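Student: I'd like to ask some things about the structure below.
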Amino acid sequence: LTGAITLDPGYKNSGSCKSEITFLDGEEGILRYRGYSIEELAEKADFLEVSYLLIFGELPTKTQLEKFENDIRKYTLVNEEMKNIIDGFPKTAHPMGVLASLTSALTAFNPKSVNPHNEKEMYEAVCKTMGKFLVIATWTYRKSMGYPLNYYDNTKGYVENFMHLMYELPTGPYKIDSTVVQALDKLFILHADHEQNCSTSTVRIVGSSHAGLFASIAAGVSALWGPLHGGANQAVLEMLEEIHKNGGDVDKYVLKAKDKDDSFRLMGFGHRVYKNFDPRAKIIKKAADDVLNSLGIDDPLLDIAKKLEKVALEDDYFKSRNLYPNVDFYSGIIYRALGIPSEMFTVMFAIGRLPGWIAQWKEMRVNKEPIGRPRQVYVGSPLRDFVPVEKR
Ligand code: SDX
């Protein structure tokens, strides 16, 4: 009963899948999207370019990229009745819960894009999802602030629009800082896909029942929300703020994280696959320095994060378990420097991960994969006879 499950040769019903999208090597700390290294893409590409690469398999030509951006613009209006849904939430609702609900509700207002039947319908569903998801993601912030909900501005770029949607107020124009847009572009690229992580596997398995694209993405949003997954970026910042409030004693928290009787874990450390440095963490750590320097911000939490990383990486407990900083360890420092509230950090992760979810859902549907049915190893009771209640 304790033997490993052998994978069916055809991968059918094994709970595993074949994919051409993302390759990662946890031992070597390698991450590639469609064969391109994450280092090159983060340095040389922009987020929509990488989204196109993940979803359609090739880097777009200039014309293809312009068409993709313009086709997304066709679908950025969200049905006004969706505002009735967001009005039903209290201001204090966590943005990820609101986002999951609004994403699922897109099904009701876009029935034709739920289950695309051909390449044209698939392309339209992709553009609709890319356009509408960005808008409703920012609506969760606007709702929490009691601000009016903004519309996508078709004269602006995709990532520029994130800042416009989040911060434009009726009282006057919002000046978008290009440094911020560049930093966000890089962060979204670094979060865009990551093979069969918890939320992506959720999107694939929900989609494998032929539940629609929006319902599948909504399921992915819910899975990402967890503090062991995408919710870790918010948890990291809360942890750093607590350490700062308590005098910056990182040794105390490293000790706590090692204590078997204490459920506390160093958030932003460890990974299911990377048993080496998460390549994204390296890039984000440098980006954190660059962004804070360019914005002239001296954030004590960055110093605490670096101190914590140094102490942990020299500690046998962490070294022996191959626990390194992951993608979530430094990202919150940058979001905070960009003025994004910590409750929105996991929404940022979702915006970045959206093209990966779409790409993986599309691959699963185009390949006509069977309904997901992960295998199990049964370790329960052997056969036994029923005992009437009087005799129990
Ligand atoms: C993401 O899968 C992906 O690709 C995810 C992701 C993506 O892009 O989609 O990369 C994004 O989710 C990154 C991970 C974000 N989560 C966190 O930072 C939360 C803190 N990390 C841990 O909870 C943990 O490291 C996980 C959940 C990330 C990984 O868990 P594993 O691989 O199941 O590790 P484990 O629970 O089996 O732990 C192995 C040992 C245990 O100790 P022992 O029982 O051997 O004594 O390592 C310890 C754990 O207690 N451990 C930690 C720790 N993580 C693991 N101890 C202290 N602090 C930690 N963070």
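Rule-based calculations on the coordinates, nothing more; no lab input. These numbers come from a predicted model, not from an experiment. Cβ sites come from the backbone with ideal geometry, for glycine too, and all protein chains shown count toward neighbours.
Student: Only helices at least 27 Å long along their axis, Cα-based, and averaging 0.0 or more on Kyte-Doolittle count here, so list those DSSP H runs from the chain.
Tutor: Details: long enough: 119-145 (40 Å, -0.23); 345-366 (32 Å, 0.43).
Membrane-span-like by this criterion, though nothing is claimed about a membrane: 345-366.
Student: Two decimals is fine: what's Rg over Rh for the chain, C-alpha atoms, Kirkwood radius as Rh?
Tutor: Values: Rg = 22.1 Å, Rh = 22.3 Å.
Computed over Cα atoms, the ratio is 0.99.
Student: So, by mean Cβ neighbours within 10 angstrom, what's the order for 28-39, 314-325 with the highest one leading?
Tutor: On the way: 28-39: 17.6, 314-325: 15.2.
The peptides rank, most packed first, as 28-39, 314-325.
Student: Would you tally the net charge around ALA359, using a Cβ to Cβ cut-off of less than 13 Å, leaving ALA359 out, and scoring K and R as +1, D and E as -1? Don't jump to the answer; show the numbers that get you there.
Tutor: Values: positive: ARG34, ARG204, ARG353, LYS362, ARG365; negative: GLU20, GLU58, ASP193, GLU195, GLU363.
After counting each charged neighbour, the total is 0.
Student: Let me ask something additional. For region 263-312, report the convex hull volume of the alpha-carbon atoms normalised per residue, in Å³, without decimals.
Tutor: Expressed per residue, the convex hull around the Cα atoms of region 263-312 is 91 Å³.
Student: While we're on this one: Compare GLN376, GLN182, GLN196 in a GNM of the chain, Cα atoms joined below 10 Å, and give the one with the largest fluctuation.
Tutor: In this elastic network of the chain, the residue with the biggest mean-square fluctuation among GLN376, GLN182, GLN196 is GLN376.
Student: Then there is this: With the radius of gyration and the Kirkwood radius both derived from the Cα set of region 161-242, what is their ratio Rg to Rh?
Tutor: Values: Rg = 16.5 Å, Rh = 15.3 Å.
Using only Cα positions, Rg/Rh for region 161-242 is 1.08.
Student: Of LYS67/LYS120; LYS256/LYS286; LYS252/LYS306, which ones are farther than 25 Å apart at the Cα?
Tutor: On the way: LYS67/LYS120 14 Å; LYS256/LYS286 28 Å; LYS252/LYS306 15 Å.
Cα-Cα > 25 Å for LYS256/LYS286; rest within.
Student: Now, a different point. Which Rg and Dmax, in Å, describe the Cα atoms of region 34-163?
Tutor: Taking only Cα atoms of region 34-163, I get Rg and Dmax of 15.9, 45 Å.
Student: What's the center-to-center distance, using Cα atoms, between region 41-91 and region 346-381 in Å?
Tutor: 20 Å
Student: Give the span of region 119-214's Cα atoms along each principal axis, as three whole-Å numbers ordered largest to smallest.
Tutor: Principal extents (largest minus smallest coordinate, Cα): 47, 29, 25 Å.
Student: Rounded to the nearest 20 debye, what is the charge dipole size of region 168-287 about its Cα centre when +1 sits on each Lys and Arg Cβ and -1 on each Asp and Glu Cβ? Mind showing how you got there, number by number?
Tutor: Numbers: 15 positive and 14 negative charges, 77 e Å.
Computed charge dipole of region 168-287: roughly 380 debye.
Student: So what's the net charge close to ARG73: Lys and Arg +1, Asp and Glu -1, counting the other residues with Cβ under 15 Å from its Cβ?
Tutor: Values: positive: LYS67, LYS74, LYS128, LYS132, LYS156; negative: GLU66, GLU69, ASP71, GLU124, ASP153, GLU160.
That works out to -1.
Student: With the Cα gyration tensor of region 333-382 in hand, convert its eigenvalues to equivalent ellipsoid semi-axes via √(5λ) and list them largest first in whole Å. Intermediate values should be presented prior to the final figure.
Tutor: Values: eigenvalues 260, 89, 7 Å².
Each semi-axis is the square root of five times an eigenvalue, giving 36, 21, 6 Å.
Student: Determine ³J(HN,Hα), in whole Hz, for all residues of region 28-38 in sequence, where each value follows from phi through the Karplus function 6.51 cos²θ - 1.76 cosθ + 1.60 and θ = phi - 60°; x replaces Gly and Pro.
Tutor: 8, x, 10, 9, 9, 9, 6, x, 8, 5, 5
Student: Can you give the local net charge around LYS175? Use residues other than it whose beta-carbon is closer than 12 angstrom to its beta-carbon, Lys and Arg +1, Asp and Glu -1.
Tutor: Details: positive: none; negative: GLU160, GLU168, ASP177.
That sum, taken over residues with Cβ under 12 Å, equals -3.
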